[in-house]
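Working notes, beginning with the structure itself.
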Amino acid sequence: LVSQVEVRWSVGIALADACPIYDDPLLDSLADDDSAELQLAGQYFSQRFRQEGWPWLDDLLQRRPETGSLQRARLLLAARDLPRAWEAAAEQGRKVAEEYWKAFVPYGLGGDFEQVEFVAERLMGVGRNAMAVDFVHMYLSREQENEERLAQLIATGLDGLLATPNDPELRTLSSYDFETSLEFLEGHRASIGVDRLARLEWGLLPALGHDPNAPTLHEAMANNPEFFVEVVSAVYRSRDADENGEIEDADDEQHQARAHNGYRLLSSWSRPPGQSESGIDAARLHEWLDDAVRLLRERGRLEVGLVHFGQVLASAEGDEDGTWPPRVVRDLL
C-alpha cells in the first residue's frame, strides 16, 4: 500500500493508530534505504512516540541491543523531541550521533529558536556545511546578542564548502545567499580577518553572479598594486612567455579556474586606487600606478594591465560641479 499511494506518510500514522504492534519488524525497516519502506517506518514511529513518549522509546532501545547505529539514529529522528533527542543521540555513542546529524532536518524550529550555534556546529561536524550556512541564514535578520559568533559560524561553513565543493546540499544556497553571507561577514571584518575574508571572496566569485560584489578584494587591488598584478598575471599570459621559458598551461583545469576568477574580479572592479569618501588622492593614485607599471612590465603584461586600470578609472565619480572624469584622473591621463 505505501508503495502505491501518493501520501505515503499517512499510512505509517494510520498503522500506528489502528494496530500499534509492529515495533519490532518496522525497527528493522529503519535500516532500509527504500523510500517507501523508510517513510512507512519513520511515520509509524513518530506516531508511536506521540502516543507513548520516552518511556516507550527507551524500553524499545534497551530491549533491542542489537539495533544498529543507523536505526537508532532514525528512531530518535522520528521522535523529534528537542533538545532531548540530541542528548539521547549523544548518549547512544559517536556513531549514532553522526548518523543522527547527517539526517537531521533543521527546518521548522521556530523564529524564537535559541540553539542556532549548537545545531550549526553539529551540522558542520558531519560535513553538512551548505545546510549549516543555510540554517544560520534563517536567523540573521533576528536580533542577535552575539552576531560575531554567527559570523564565525558562517565563515567556517564557507571554508568547509570551499574545501569540499561537492557538497550534495550545495543546491540549497543561491547566489543571493552567498552575497548575503559575504555582506554579513564584511560587517564583521575585524573578527573574521581581512585575509580570510579576501580568500572567501576569491573562492566564491563563481557563485556571485555576473557582477560579483567583492569589496575586500576590490579594496585589496586598490591598495596593493602587487595584488592587482598577481590577478592580471592569473588571467593573461606574458607577452614574452615563450622567450622567458614560462610554463603556463592554458588547458590546466586549475589554471582555467584561476583565470576565470581573475577576469571576473577585474571586470567587476570599480574602486580606483586612492579613493576615499572625499575623492581620489592624487599622490596615492600616482604612486600606485608607478608601482603597477613597474611590476606589469617585469611580468610582461603592461598593456593588458593598463587596459584594466583604464576601466577602473572610468568608474571614478565626477567632480562636485559634475565634470567627468574628475580633475585627478584628467591630470593623470
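Is it the case that the range 108-115 has a residue that's open to solvent by less than 20 Å² (accessible area, probe 1.4 Å) and either touching a His at 6+ places or on another chain (Cβ under 8 Å) or free of Cβ contacts under 8 Å to residues at least 40 places away in the same chain (or both)? Give the steps one after another, and end with the answer.
Here is the first cut: in the range 108-115, the residues open to solvent by less than 20 Å² (accessible area, probe 1.4 Å) are none.
So far as the range 108-115 goes, no, none of its residues is open to solvent by less than 20 Å² (accessible area, probe 1.4 Å) and either touching a His at 6+ places or on another chain (Cβ under 8 Å) or free of Cβ contacts under 8 Å to residues at least 40 places away in the same chain (or both).
Condition test on residue 41, is it among the small types (Gly, Ala, Ser), more than 25 Å from residue 139 (Cβ to Cβ) and under 34 Å from the mean Cα position of the chain (by Cα)?
On the way: among the small types (Gly, Ala, Ser): yes; more than 25 Å from residue 139 (Cβ to Cβ): yes; under 34 Å from the mean Cα position of the chain (by Cα): yes.
Criteria met by residue 41.
Scan the range 183-190 and tell me whether some residue there is surrounded by 16 or more Cβ atoms within 10 Å (Cβ to Cβ), touching a Ser or Thr at 6+ places or on another chain (Cβ under 6 Å), in a helix (DSSP H, G or I) and touching a residue at least 24 places away in the same chain (Cβ under 8 Å).
no
Among (1) part of a helix (DSSP H, G or I); (2) open to solvent by less than 60 Å² (accessible area, probe 1.4 Å); (3) in contact (Cβ under 8 Å) with a residue 24 or more places away in the chain, there is one condition residue 26 misses while meeting the rest; what is its number?
All conditions pass for residue 26, except number (3).
Could you list, in sequence order, the residues of the range 287-327 that are of a type in the set (A, V, I, L, M, F, W, C) and open to solvent by less than 40 Å² (accessible area, probe 1.4 Å)? Break it down into steps so the answer makes sense when it comes.
First, pick out the residues of the range 287-327 that are of a type in the set (A, V, I, L, M, F, W, C): 288-289, 292-293, 295-296, 302, 304, 306-307, 309, 312-314, 316, 324.
Scanning the range 287-327 gives 288, 289, 292, 293, 295, 296, 302, 309, 312, 313, 316.
When the range 49-85 is examined, which residues are found to be open to solvent by less than 40 Å² (accessible area, probe 1.4 Å) and either touching a strand residue (DSSP E or B) at 6+ places or on another chain (Cβ under 7 Å) or not in a helix (DSSP H, G or I) (or both)?
Of everything in the range 49-85, those that are open to solvent by less than 40 Å² (accessible area, probe 1.4 Å) and either touching a strand residue (DSSP E or B) at 6+ places or on another chain (Cβ under 7 Å) or not in a helix (DSSP H, G or I) (or both) turn out to be 53, 64, 67, 68.
Give the residues of the range 31-48 that are more than 15 Å from residue 72 (Cα to Cα) and in a loop (DSSP other than H, G, I, E, B), sorted by residue number.
Matches in the range 31-48: 34 only.
The values are calculated or read from the model by the stated rules, or taken from the named source; none is laboratory data. Note that this is a predicted model, so its numbers are computed, not measured. All Cβ positions, glycine included, derive from the backbone under ideal geometry; neighbour counts span all protein chains shown. Only protein heavy atoms, including side chains, enter the accessible area calculation; ligands, DNA and RNA are left aside. Shrake-Rupley method; radii C 1.70, N 1.55, O 1.52, S 1.80 Å.
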